[in-house]
Structure formats: structure tokens, C-alpha cells
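Okay, structure first, notes after.
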Amino acid sequence: MSGRILFVCLGNICRSPLAEGIFLHQVKARGLEGRYTADSAGTGDWHVGNPPDTRSINVARKRGVALPSLGRQVRKSDFEEFDLILAMDGNNRRDLLELSPAKYRDKVKLMRDFDAAGDRGADVPDPYYGGPFEFDNVYEMLDRCCSRLLETLEGGASKDGGRHTGDAARDAPASP
Ligand code: 4NP
């Protein structure tokens, strides 16, 4: 019942599947499987059922990271089913907040709220119309954010006595 993370962007083929793959890779590398699950979705429906963009697949593959999921659109039940919903940019966040039942709005945060490099609250730029440099840049940014996210979630778990099922939505502070 905890540690369910949903990553959301516009198309669900570039940024959010990359975030999902990196997060799951880090979870596995830290031996935390079973404590966290992740999925990704788009606010738009153009790429439902499609694999991620080949540029995201390639930038991840170079680092040994697999991108497991196919495109899907955000649905209302996501707000109940996930503990933490991370928007890649401000537009995604706005769209999520419009769709979310009021009682779940606190679950919606920006991915770069977890950027240890300092640009908290900034957008993960959409690389769709960019080239390989943009995808490499987004990869590094997401890798950083996923590290801080996991540290924050794990810190939240240890603060209350090493419980192994932190409630991610509650434990993740607005300003980590
Ligand atoms: P994403 O990038 O939101 O990071 O998946 C995009 C992918 C596709 C489109 C826009 C952004 N599109 O317009 O199809």
C-alpha cells in the first residue's frame, strides 16, 4: 500500500517512461524491490499503446536501463492508486491538478522539486523536438531527481523507526 510512484509528461513516450525506467533501475540497484512500484502516463492520448521514443530507449540502453512500459493516458483512478504523482513540467502539473479530485491534489508534485542540482521547481524540458544532446541532458536530470527522490522516500521511512512501508505521498516533503 505504499511507494507507488506515477511519472507523468505530455506524450508518455520521452520523459516519463525514462523517469520510470531510471527510478526502477535505482530501486533495484539499492536492493529496494518490493518496496516501490512505478508507472508512467501522459496527459495526452496520442501515443497510447506505443513503446517509448527510440531516442529515450537508446539513451537509457547506453546506461543499462530498460524502459518497460507502453504509452497510456492518465486516468482519474491514478489519483487514488498512486501515492506520489510526479509531473515533468508545469503544464503537466496544471493538467493533473485540473483532473485530480481535490482530496488527492497534494499527491501531485514536480519532478524537479527533487533536483539536487538546485533548480527545484523548474521544468524537465520536453526533448521531443530536440536531438541526442537534449535526451542526454534529460537523462542526467532525471537520474539526479530519481536519486534525491529515493533518498527522500528512504529518509522518510527511517525517521519513523525504519518502517519498511513509507507512505510516499505523506513522506515526500514539498521542499525536499
Ligand atoms: P513527452 O514528449 O511528453 O516527454 O513524452 C512528447 C512526446 C510527444 C509529443 C509531445 C511531447 N507529441 O506532441 O506527440
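The values are calculated or read from the model by the stated rules, or taken from the named source; none is laboratory data. Everything numeric in this text was worked out from a predicted model, so none of it was measured. Neighbour counts run over all protein chains shown; Cβ positions are idealised from the backbone, glycine included. Heavy atoms of the whole protein, side chains included, go into the accessibility calculation; ligands, DNA and RNA do not. Shrake-Rupley method; radii C 1.70, N 1.55, O 1.52, S 1.80 Å.
Amide H contacts of Gln73: Gly42, each under 5 Å away and 5 or more positions distant or on a separate chain (H built 1.01 Å from N in the peptide plane; Pro and chain starts excluded). Remark on Tyr128: its backbone amide H falls under 5 Å from none of the residues 5 or more positions apart or on other chains, H modelled at 1.01 Å from N. Under the convention that each Lys and Arg Cβ holds +1 and each Asp and Glu Cβ holds -1, the size of the dipole of region 52-102 around its Cα centre is about 400 debye.
Counting only trypsin sites (Lys or Arg not before Pro) that DSSP places in a loop and that have at most 13 other Cβ atoms within 10 Å, the longest clean stretch of the chain runs over 77-162.
Only lysine pairs 8 or more places apart or on separate chains count here, and in the chain those with Cα atoms under 21 Å apart total 5.
Overall, region 1-155 carries a charge dipole of about 260 debye about its Cα centre when +1 sits on the Cβ of Lys and Arg and -1 on the Cβ of Asp and Glu, all other atoms neutral.
Per residue, the solvent-accessible area of the chain (1.4 Å probe, heavy atoms of protein chains only, all protein chains present) comes to 47 Å².
For region 121-138, 3J(HN,Hα) computed residue by residue from phi via the Karplus equation (6.51, -1.76, 1.60; θ = phi - 60°) reads x, 7, 7, 7, x, 6, x, 3, 9, x, x, x, 4, 4, 6, 5, 4, 5 Hz, glycine and proline entered as x.
Couplings 3J(HN,Hα) for region 30-38, derived from phi with the Karplus relation 6.51 cos²θ - 1.76 cosθ + 1.60 (θ = phi - 60°), are 8, x, 9, 4, x, 9, 10, 10, 9 Hz, where x marks Gly and Pro. Among rounded, prolate and oblate, which fits region 1-129 when a ≥ b ≥ c are the square roots of the eigenvalues of its C-alpha gyration tensor, a/c under 1.5 means rounded, and a/b larger than b/c means prolate? Note, shape of region 1-129 comes out rounded. Distant-in-sequence amide contacts of Phe7, defined by a placed amide H-H separation under 5 Å and a gap of 5 or more residues or a different chain, comprise Asp39, Ser40, Ala41, Leu86.
Set the Förster distance to 25 Å, then compute FRET efficiency between Tyr129 and Glu81 from the Cβ-Cβ distance, nearest 0.05.
0.20
Computed from backbone phi with θ = phi - 60° and the Karplus coefficients 6.51, -1.76 and 1.60, the 3J(HN,Hα) list for region 96-105 is 5, 5, 5, 7, 6, x, 3, 5, 10, 4 Hz; x is used for glycine and proline.
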